[in-house]
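S.K.: Below: one structure in structure tokens.
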Amino acid sequence: MKTFLIANPKGGSGKSTLATNLAGYFARAGQRVVIGDSDRQQSAHEWLAIRSRHLPPIGSWDPEADERPPKETTRVVLDSAAGVHGKALERVLRLATDVIVPVQPSLFDILATGRFLETLLAEKAVRKERIRVAVVGMRVDARTRAAGELERFLASFELPVLSYLRDTQLYVQMAANGMTVFDLSAARGEKDTEQWRPVIDWVDAE
């Protein structure tokens, strides 16, 4: 079983969007996937509640109440709480095999994420490479100056930057219907699933 922690202490960084769509990919690929939601707002679990039973199934796991995910789970996507740090960060890292950090191209997101990445990279499990860490840019318009500043910021860390996901209302529309870009027809989802390809290659790598 592999557990992907989606983490950034900055609220509104795109954690739930990244978590739900990653879970949607695993479900479409036939994995037995659950979403664990440790965020007080429970956005990912609320999204699950409106997901159609006709779509590839995604299970629910409450990491606060249950020590282990449901039996036979093969993939866990853990949507962390905003402001996660200290003992709370250490606890969720004990559950993780991989960490993906979403970051948006704004000054406040970059500053908060920079501090978080420094803390994360100092964690023993990360230093000893027992946990992989990667970054995904969220809501990025490549034509803007902010996108360039984000790219320069991420270049200062020795971490893989898997992809820059575009700023589109499609993610909002899909979330409102309990869906992901992987639930769309090939024609409608092609542009976004192509942006996800480097992320998929990384999560599927052993």
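S.K.: Give me P(r) over the stretch 130-195, computed from all C-alpha to C-alpha distances, binned every 10 Å, as integer percentages.
M.R.: Each 10 Å bin holds this share of Cα pairs: 19, 42, 30, 10.
S.K.: Evaluate the distance, in nm, between pseudo-label points positioned 7 Å from the Cα of Arg91 and of Lys128 along their respective Cα→Cβ axes.
M.R.: For the pair Arg91/Lys128, the computed spacing is 2.2 nm.
S.K.: Below 12 angstrom from the Cβ of Ala29, what's the summed charge of the other residues (Lys, Arg +1; Asp, Glu -1)?
M.R.: +2
S.K.: Using Cβ contacts closer than 10 Å as the measure, can you line up Leu18, Leu159 from fewest to most? Show your work: numbers first, answer last.
M.R.: On the way: Leu18 23, Leu159 17.
The most exposed by this proxy come first: Leu159, Leu18.
S.K.: Could you please state, rounded to a whole Å, how far the C-alpha centre of the stretch 143-206 is from the C-alpha centre of the stretch 117-138?
M.R.: When both Cα centres are located, 20 Å separates them.
S.K.: Now for a different question. Let's see if you can work this out: charge +1 on each Lys and Arg Cβ, -1 on each Asp and Glu Cβ, no other charges. What is the dipole magnitude of the chain about its Cα centre, in debye to the nearest 20?
M.R.: In debye, rounded to 20, the chain gives about 120.
S.K.: Moving on to the next point. Enumerate by residue number the GluC sites (Glu not before Pro) in the stretch 102-166 meeting two conditions: DSSP loop (anything except H, G, I, E, B), and at most 11 other Cβ atoms within 10 Å of the site's Cβ.
M.R.: The qualifying sites are Glu129, Glu158.
S.K.: Ordered by residue, what ³J(HN,Hα) values in Hz, to whole numbers, does the stretch 116-125 give under the Karplus form 6.51 cos²θ - 1.76 cosθ + 1.60, where θ = phi - 60° and Gly and Pro are x?
M.R.: 5, 5, 4, 5, 4, 5, 7, 5, 4, 5
S.K.: Could I ask something else about it? Suppose we keep just the alpha-carbon trace of the stretch 80-167; what are its Rg and Dmax in angstrom?
M.R.: That works out to 13.2, 39 Å for Rg and Dmax.
S.K.: Same structure, new question: For n ≥ 4 DSSP H runs only, could you compute -39500 (n - 2.57) per run for the chain, divide by its residues and tell me the 222 nm figure to the nearest 500?
M.R.: That comes out to -12500 deg cm²/dmol.
S.K.: Taking the number of other C-beta atoms within 10 Å as the exposure measure, put Ile6, Ile50 in order starting with the fewest.
M.R.: Ordered by Cβ neighbours within 10 Å, fewest first: Ile50, Ile6.
S.K.: What translational diffusion coefficient, in µm²/s and rounded to a whole number, does the Stokes-Einstein relation yield for the chain at 37 °C and a viscosity of 0.692 mPa s, taking the hydrodynamic radius as the Kirkwood radius over Cα pairs?
M.R.: The estimated diffusion coefficient comes to 192 µm²/s.
S.K.: List the trypsin sites (Lys or Arg not before Pro) in the stretch 103-201 that DSSP assigns to loop (not H, G, I, E or B) and whose Cβ has at most 15 other Cβ atoms within 10 Å. Which are they? Kindly include the intermediate steps, with their values, before the conclusion.
M.R.: On the way: sites: Arg115, Lys124, Arg127, Lys128, Arg130, Arg132, Arg139, Arg143, Arg145, Arg152, Arg166, Arg188, Lys191; in loops: Lys128, Arg130, Arg143.
When the trypsin sites (Lys or Arg not before Pro) of the stretch 103-201 are filtered for loop state and at most 15 Cβ neighbours within 10 Å, Lys128, Arg130, Arg143 remain.
S.K.: With a 10 Å Cβ neighbour count serving as the proxy for reagent exposure, in which order, fewest first, do Val34, Val203 appear?
M.R.: Ordered by Cβ neighbours within 10 Å, fewest first: Val203, Val34.
Coordinate-derived values only; no laboratory data. Because the structure is a prediction, the values reported are computed rather than measured. Ideal geometry is used to build each Cβ from the backbone, glycine not excepted, and the neighbour counts take in all protein chains shown.
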